[in-house]
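Visitor: Handing you this structure, nothing more for now.
The values are calculated or read from the model by the stated rules, or taken from the named source; none is laboratory data. Nothing here was measured: the structure is a model prediction, and the numbers come from that model. FYI the Cβ positions are ideal-geometry reconstructions off the backbone, even for glycines, and counts take in every protein chain you see.
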Amino acid sequence: MEANRYLRPATLQEAYQILSEDAKNVLLGGGLWLKKATPSANALVDLSALGLDDIKDLGDAIEVGAMVSLRDFELSPLLKNIQGGILIEAVSQIMGVAFRNGATIGGSVAGRFPFSDIITPLLALETKVVFYPYKEMSLKDFLSFKGRVSDILTHIVIKKSKGPSFFKKVKTTALDFAVINVAIAKVNEEYRIAIGSRPSVASLTIKAMELANNGQKLTEELIAKVAELTSEELVFASTGSASAEYRKVLAKTYVKRGLEEVSK
Amino acid sequence: MKVNFNLNGQNVSYDINPGEYLADTLRSHSFLSVKKACDEAACGACTVLLDGRPILSCSYLSARAEGKNVTTVEAVQDDVDEISNFFADEGADQCGFCNTGLALTIFALRKELKNPTDEDIKHFVVGNLCRCSGYQAQFKAIKKYLEAHK
């Protein structure tokens, strides 16, 4: 790609300053989609000297630095214990090992990629995103935030939770983007359902979750209603890989199967 | 700009453009074992090892290799010969274009995973595409190579 400069700032303040100077100064994550998304830049700003590649146990949550590779994320014993390992199951289905050694969790989340397989389960859990200059918000709010975020994503914080979970990536071959992905987690007796790659970025199914969590026992009949509501509540669209109707059927099917599994 | 890294055991210092990718840098210095096929992080042909771990050099900025160890097949010739022989025995070779990237991935797999299951092996090599052969013969060859190193 075309770039005038490559910079590896020593502080976040310096990185932020460089990014503020010129809209054509580009923040690097892993850089795997860089040449497709950004054919030219003034300066490429690399955060790899800032110690953002740690995974820390905060007690009630796990803090993951933005520069942690998807492969290190996948191999982390700390993340394996969260909600039956749903995050590991999802991240290990993203491309191959060499890709995941390069790609970063920060790049994956900050990019708000509609096809992301990791955003969907992170949304089904309680996840916060932390930026420099200091600001934090829920992943849910970040995903629905309109416009460009010019701050630097430094960490994601995933609340520890235990309980059953379900993840399904529907794909045509091992290395394809998801036609759709579905993540369901039962967190503190509450069902959380997220669906991504519809093809827009992952969303929680608010109305369907309300119905699933209204205090009634999740019977076969109620599960069918929740699944139906999911497919009505969210917007599905057609792309070259799948029609909106097909995505809708997939969403309904896998929400049903997922709820059957996690409510056992 | 300059980038300094260790390439196959030797310290090198190369002139690069800030937006240059490692596959291009290596190929411009005659490391033509590093293949470029999809050039968009999808096929695995450009795989090299960075500090012992496989990465896609077509999508890794050369500037980021500063101070790191980069390995191509030239540095692990004995292992690659051995892998090639297992491939030949199983008839897994056809055009051979994907072989160098795959060989490095298999070498890294052996170093990283102890007693891998069939699923572990498939999971590790899934990013290396081969458009000639299907994957059964390659899979058998990989298993025999790993078996020989137990």
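Visitor: Run down A:Ser108, A:Ser40, A:Ser76, A:Ser116 and say which single residue is of a type outside the set (Phe, Trp, Tyr) and without any contact (Cβ under 8 Å) to a residue 24 or more places away in the chain.
Guide: A:Ser76
Visitor: Oh, and also: So which residues in the range B:10-50 are assigned to a loop (DSSP other than H, G, I, E, B), farther than 24 Å from B:Cys95 by Cβ, under 18 Å from the mean Cα position of the chain (by Cα) and of a type in the set (A, V, I, L, M), if there are any at all?
Guide: none
Visitor: With respect to A:Pro164, determine if the residue is in contact with a Gly (Cβ under 7 Å, 6 or more places away or on another chain) and surrounded by fewer than 19 Cβ atoms within 10 Å (Cβ to Cβ).
Guide: Against the criterion (in contact with a Gly (Cβ under 7 Å, 6 or more places away or on another chain) and surrounded by fewer than 19 Cβ atoms within 10 Å (Cβ to Cβ)), A:Pro164 qualifies.
Visitor: Taking the stated definitions as given, is A:Gly65 of a type outside the set (D, E, K, R) and either in contact with an Asp or Glu (Cβ under 9 Å, 6 or more places away or on another chain) or facing chain B (nearest Cβ under 9 Å) (or both)?
Guide: Yes.
Visitor: Something else now. Does any residue of the range A:85-93 turn out to be more than 22 Å from A:Asp141 (Cβ to Cβ) and touching a strand residue (DSSP E or B) at 6+ places or on another chain (Cβ under 6 Å)?
Guide: So far as the range A:85-93 goes, yes, one or more of its residues are more than 22 Å from A:Asp141 (Cβ to Cβ) and touching a strand residue (DSSP E or B) at 6+ places or on another chain (Cβ under 6 Å).
Visitor: Say we look at the range A:1-50 and pick out the residues that are surrounded by fewer than 17 Cβ atoms within 10 Å (Cβ to Cβ) and of a type in the set (D, E, K, R); which of these is nearest to the chain's Cα centre (by Cα)?
Guide: A:Lys36
Visitor: What helices (runs of 4 or more DSSP H) completely inside the range A:89-167 contain at least 2 residues that are of a type in the set (Val, Ile, Thr) and touching a helix residue (DSSP H, G or I) at 6+ places or on another chain (Cβ under 9 Å)?
Guide: Because the criterion is at least 2 residues that are of a type in the set (Val, Ile, Thr) and touching a helix residue (DSSP H, G or I) at 6+ places or on another chain (Cβ under 9 Å), the helices (runs of 4 or more DSSP H) in the range A:89-167 that meet it are A:105-110, A:119-124.
Visitor: OK, next. Among the residues that make up the range A:11-25, is at least one of them under 20 Å from B:Leu61 (Cα atoms), of a type outside the set (S, T, N, Q) and part of a loop (DSSP other than H, G, I, E, B)?
Guide: Scanning the range A:11-25, I find at least one residue that is under 20 Å from B:Leu61 (Cα atoms), of a type outside the set (S, T, N, Q) and part of a loop (DSSP other than H, G, I, E, B), so the answer is yes.
Visitor: Go through the range B:60-105 and give me each residue that's over 22 Å from B:Tyr135 (Cβ atoms), within 14 Å of chain A (Cβ to nearest Cβ) and of a type outside the set (S, T, N, Q).
Guide: Within the range B:60-105, B:Tyr60, B:Leu61, B:Ala63, B:Arg64, B:Ala65, B:Glu66, B:Gly67, B:Lys68, B:Val70 meet the criteria.
Visitor: From the list B:Ser30, B:Ser62, B:Ser57, B:Ser13, which residue is at pLDDT 95 or above and over 27 Å from A:Ser48 (Cβ atoms)?
Guide: Of B:Ser30, B:Ser62, B:Ser57, B:Ser13, the one residue that is at pLDDT 95 or above and over 27 Å from A:Ser48 (Cβ atoms) is B:Ser30.
Visitor: Here's a check for you: in the range A:235-260, which residue that is within 19 Å of A:Ser197 (Cβ to Cβ), touching a helix residue (DSSP H, G or I) at 6+ places or on another chain (Cβ under 7 Å) and not β-branched (Val, Ile, Thr) is surrounded by the most Cβ atoms within 10 Å (Cβ to Cβ)?
Guide: A:Ala251
Visitor: Just checking, how many residues over the range A:28-58 are under 27 Å from A:Ile158 (Cα atoms) and within 13 Å of chain B (Cβ to nearest Cβ)?
Guide: Looking only at that region, the number is 13.
Visitor: If you take the residues of the range B:113-132 that are surrounded by 16 or more Cβ atoms within 10 Å (Cβ to Cβ) and over 15 Å from B:Ile83 (Cβ atoms), which of them is farthest from the other protein chains (Cβ to nearest Cβ)?
Guide: In this case the residue turns out to be B:Pro116.
Visitor: Scan the range B:30-51 residue by residue and report those that are out of contact with any Asp or Glu (no Cβ under 8 Å at 6 or more places or on another chain), under 15 Å from B:Gly9 (Cβ atoms) and not β-branched (Val, Ile, Thr).
Guide: Those that are out of contact with any Asp or Glu (no Cβ under 8 Å at 6 or more places or on another chain), under 15 Å from B:Gly9 (Cβ atoms) and not β-branched (Val, Ile, Thr): B:Leu49, B:Leu50, B:Asp51.
Visitor: Select from the range B:24-45 the residues that are at the interface with another protein chain (Cβ under 9 Å from one of its Cβ atoms) and surrounded by 24 or more Cβ atoms within 10 Å (Cβ to Cβ) and write down the one among them that is farthest from B:Asn99 (Cα to Cα).
Guide: B:Ala41
Visitor: Identify the single condition in (1) modelled with pLDDT under 95; (2) part of a strand (DSSP E or B) that A:Lys36 does not satisfy, given that it satisfies every other one.
Guide: (2)
Visitor: Quick check: is even one residue across the range A:50-65 under 21 Å from B:Thr25 (Cβ atoms), not assigned by TED's automatic domain parsing to the domain that holds A:Thr172 and not basic (Lys, Arg)?
Guide: There is no residue in the range A:50-65 that is under 21 Å from B:Thr25 (Cβ atoms), not assigned by TED's automatic domain parsing to the domain that holds A:Thr172 and not basic (Lys, Arg).
Visitor: Also, quick follow-up: Given the conditions (1) part of a loop (DSSP other than H, G, I, E, B); (2) touching a Lys or Arg at 6+ places or on another chain (Cβ under 7 Å), and given that A:Gly51 satisfies all but one, which numbered condition is not satisfied?
Guide: The one condition A:Gly51 does not meet is (2).
Visitor: Looking only at the range B:103-123, decide whether some residue is within 15 Å of the chain's Cα centre (by Cα) and closer than 25 Å to A:Asp46 by Cβ.
Guide: Within the range B:103-123, one or more residues are within 15 Å of the chain's Cα centre (by Cα) and closer than 25 Å to A:Asp46 by Cβ.
Visitor: Need the failing condition index for A:Gln83 against (1) within 25 Å of B:Ala42 (Cβ to Cβ); (2) in contact with a helix residue (DSSP H, G or I) (Cβ under 9 Å, 6 or more places away or on another chain); (3) not small (Gly, Ala, Ser), just the number.
Guide: With (1) within 25 Å of B:Ala42 (Cβ to Cβ); (2) in contact with a helix residue (DSSP H, G or I) (Cβ under 9 Å, 6 or more places away or on another chain); (3) not small (Gly, Ala, Ser) applied to A:Gln83, the lone miss is (1).
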